[in-house]
Amino acid sequence: MEFHDDYPVYETMYQHDEETGKKVRKKLWRVFWILLGITLMELFVGFKATSWGLTGTFGLKVFFIFFTLAKAAGIVLVFMHLMDETKFFKYMVLAPYSIFIVYLIFIILVEGTYTGYPENNTNLDVRYKQQQVDKRTHHHQPIPESLKDIKPSHESLKGHEGVQESHEPHE
């Protein structure tokens with residue numbers, strides 16, 4: 001038994017004439033070239049940022065965030081056909097994502113540098129500090145300033161006071 005419905009053939013429902021097809025293709029290619037241009041500009045700035053002395057600056061972060069969001073908006077609006085929808089539906093789709101993106105950017109910019117300041121260092125457990133000092137002493141590594149007040153335990157000093165342990169295989 002074959003299924004038939006009263007709707008037109010879906011494949012031919014939105015057939016446009018050649019002039020409309022050219023306009024649509026022209027629009028898609030224009031958006032493609034704009035997105036490609038933005039991407040190439042971002043790559044160029046990314047490669048040159050260190051030589052220009054812009055690494056980690058607020059302006060560089062704003063530059064990348066702005067143009068990345070512009071590309072995302074271009075993709076969503078044109079290639080996902082959101083531009084052709086009603087105003088209410090556009091806001092209904094874009095508002096939650098926009099709020100979430102703004103929140104993520106806030107977290108990255110504010111909390112991402114949290115540990116870079118000395119007043120933000122956490123208080124480590126005493127046992128962890130002792131382990132770090134012992135490990136660094138055993139491997140002849142420098143001890144950070146924050147751990148200088150802790151003395152190495154006796155286990156970490158074995159083999160380091162006069163007699164060196166042999167690392168040759170036993171027979």
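The table below lists the values:
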{"quantity": "Segment 17-116: C-alpha pair distances exceeding 18 Å, %", "calculated": "62 percent"}
{"quantity": "Packing-based order for 37-45, 139-147, using average beta carbon neighbours within 10 Å, highest first", "calculated": "37-45, 139-147"}
{"quantity": "Long pairs among LYS23/LYS90; LYS22/LYS48; LYS23/LYS61; LYS61/LYS151; LYS61/LYS135, criterion Cα-Cα beyond 31 Å", "calculated": "LYS22/LYS48; LYS23/LYS61; LYS61/LYS151; LYS61/LYS135"}
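Taken together, the values in this text are just the output of simple stated rules run on the coordinates, not laboratory data. Because the structure is a prediction, the values reported are computed rather than measured. When we count neighbours, we look across all protein chains shown, and the Cβ atoms used for this are built from the backbone with ideal geometry, even at glycine.
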